[in-house]
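J.: Pasting a structure below so you can have a look.
The values are calculated or read from the model by the stated rules, or taken from the named source; none is laboratory data. The structure presented is a predicted model; accordingly, all values stated were derived computationally and were not measured. Counting neighbours? That spans all protein chains shown, and the Cβs are built from the backbone with ideal geometry, glycine included. Calculation scope for accessible area: heavy atoms of the full protein, side chains included, ligands and nucleic acids excluded. Shrake-Rupley method; radii C 1.70, N 1.55, O 1.52, S 1.80 Å.
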Amino acid sequence: LPEQEGADAFSEFHDPRLVALYDRLNPPGDDANFYISLAGELGAERVIDLGCGTGIIACELARRGHDVIGVDPSREMLGVARGRDAGGLVRWVEGDASDLEDIDADLAIMSAHVAQVIHDEVAWRRTLAGLQRGLRSGGRLAFESRNPDARAWLGWVPESSYQRHDDVSDGPLDVWFELNEAAGDLVRYEIHYRFGRTGEELVSPGTLRFRSRASLTQSLGEAGFSVQDVFGDWDRSPLSATSPELIFLAVRD
Ligand SMILES: C[S@@+](CC[C@H](N)C(=O)[O-])C[C@H]1O[C@@H](n2cnc3c(N)ncnc32)[C@H](O)[C@@H]1O
């Protein structure tokens, strides 16, 4: 499947018009609060935010006194992040987990399903290996992946996903999802954006991997991590068949 991806794959993270809309369409919520509280509770001095995107969480962590490294391969997403960091508190790195040398971080996070965006299994193993190098022994890794048993992709169809946003330039903006394929643990879908003033429609194709708890636990083990907790939701409730998320907290051996 990855081979089928065109140059426009995940254009929501690259097309400047869609990147400019990202925070509006994906406002931070309980997930951001979870990671920010966790960093505080752990007393994490140095934090890696891998796949930091537009940097909302990274900037809030830095404002609270953590030493933050925000890493993302998308120049456009990092551009928004840098613009948000007026005080220059965060170290921004345009790259991926292979750039995490000599950091000795206490905590690494991947928020908003970055782990699923990294759908290629070789890339996923490289990501965990890079995080292992970037963390000190005993450091924590926290991230979430949607619970495959909850089958979120069934809602990624126009009828249940359609949203209208007013007050957007060239708006109103209509946004909806279309599901292309769910095969094994891979889901291919498109996000459609239609700008009312011009009638223009942009499409962002995406592929996500819905790894199971067992698969994630195994890949973490192979990369030198021990799983400490798996929560089912942002209130830290235990995982059940209907939980929306698999929220992993792992310790670097
Ligand atoms: C859904 S966004 C999440 C952004 C941010 N963490 C948040 O909470 O809003 C996914 C991000 O993962 C980044 N990404 C894609 N491939 C990556 C990789 N191999 N390593 C790290 N980040 C990656 C994308 O550029 C994008 O900014």
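So that you can scan it fast, the table gives a plain yes or no per residue for (1) at pLDDT below 95; (2) under 28 Å from P16 (Cβ atoms):
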| site | (1), (2) |
| --- | --- |
| G130 | no, yes |
| F143 | no, yes |
| R146 | no, yes |
| P158 | no, yes |
| R164 | no, yes |
| D167 | yes, yes |
| L173 | no, yes |
| S215 | no, no |
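J.: While we're on this one: Working carefully through the options H14, H66, find the one that is near the ligand (Cβ under 9 Å from one of its atoms), farther than 21 Å from E245 by Cβ, at pLDDT 95 or above and not aliphatic (A, V, I, L, M).
T.: H14
J.: Given the criteria within 22 Å of A20 (Cβ to Cβ), at pLDDT 95 or above and buried (at least 22 other Cβ atoms within 10 Å of the Cβ), does L61 qualify?
T.: no
J.: Filter the range 72-99 for residues that are near the ligand (Cβ under 8 Å from one of its atoms), charged (D, E, K, R) and under 13 Å from G55 (Cα atoms) and give the result.
T.: D72 - this is the single residue of the range 72-99 that is near the ligand (Cβ under 8 Å from one of its atoms), charged (D, E, K, R) and under 13 Å from G55 (Cα atoms).
J.: Do we have any residue at all in the range 191-211 that's in contact (Cβ under 8 Å) with a residue 40 or more places away in the chain, under 19 Å from the mean Cα position of the chain (by Cα) and not in a strand (DSSP E or B)?
T.: Applying the first criterion (in contact (Cβ under 8 Å) with a residue 40 or more places away in the chain) to the range 191-211 yields 191, 193, 202-211.
When the remaining residues are screened for being under 19 Å from the mean Cα position of the chain (by Cα), the result is 191, 204-211.
Imposing the further condition that a residue be not in a strand (DSSP E or B) reduces the set to 210-211.
Checked against the condition, which is being in contact (Cβ under 8 Å) with a residue 40 or more places away in the chain, under 19 Å from the mean Cα position of the chain (by Cα) and not in a strand (DSSP E or B), the range 191-211 yields at least one hit.
J.: Here is a check on your reading of the model: is D102 more than 11 Å from the ligand (Cβ to nearest atom) and in contact with a Gly (Cβ under 7 Å, 6 or more places away or on another chain)?
T.: So D102 does not fit the description; no.
J.: Residues being aliphatic (A, V, I, L, M) and exposed (fewer than 13 other Cβ atoms within 10 Å of the Cβ): count how many of those fall in the range 145-191.
T.: Selection size over the range 145-191: 2.
J.: Out of all the residues in the range 16-28, which are in contact (Cβ under 8 Å) with a residue 24 or more places away in the chain, open to solvent by 10 Å² or more (accessible area, probe 1.4 Å) and within 21 Å of A115 (Cβ to Cβ)?
T.: Passing the criteria: Y22, D23, L25, N26, P28.
J.: Going through V68, V93, V47 one at a time, which residue ends up being farther than 19 Å from R252 by Cα, part of a strand (DSSP E or B) and among the β-branched types (V, I, T)?
T.: V93
J.: Would the range 71-86 turn up any residue that is touching a Leu at 6+ places or on another chain (Cβ under 9 Å), in contact (Cβ under 8 Å) with a residue 40 or more places away in the chain and open to solvent by less than 10 Å² (accessible area, probe 1.4 Å)?
T.: So far as the range 71-86 goes, no, none of its residues is touching a Leu at 6+ places or on another chain (Cβ under 9 Å), in contact (Cβ under 8 Å) with a residue 40 or more places away in the chain and open to solvent by less than 10 Å² (accessible area, probe 1.4 Å).
J.: Name the single residue, out of those in the range 126-144 being polar (S, T, N, Q) and either more than 15 Å from the ligand (Cβ to nearest atom) or crowded, with 23+ Cβ neighbours inside 10 Å (or both), that is farthest from L100 (Cα to Cα).
T.: Selected residue: S137.
J.: Further question on the same structure: Out of the residues in the range 50-63 meeting the condition of being outside any loop (DSSP other than H, G, I, E, B) and near the ligand (Cβ under 8 Å from one of its atoms), tell me which one is nearest to H113 (Cα to Cα).
T.: Checking each candidate, the answer is L50.
J.: On to the next question. Whether any residue in the range 139-160 is touching an Asp or Glu at 6+ places or on another chain (Cβ under 7 Å), free of Cβ contacts under 8 Å to residues at least 40 places away in the same chain and of a type outside the set (A, V, I, L, M, F, W, C) is what I want to check.
T.: Taking every residue of the range 139-160 in turn, at least one turns out to be touching an Asp or Glu at 6+ places or on another chain (Cβ under 7 Å), free of Cβ contacts under 8 Å to residues at least 40 places away in the same chain and of a type outside the set (A, V, I, L, M, F, W, C).
J.: Pick out the one residue from A39, A9 that is at pLDDT below 95 and either crowded, with 20+ Cβ neighbours inside 10 Å or within 12 Å of the ligand (Cβ to nearest atom) (or both).
T.: A9
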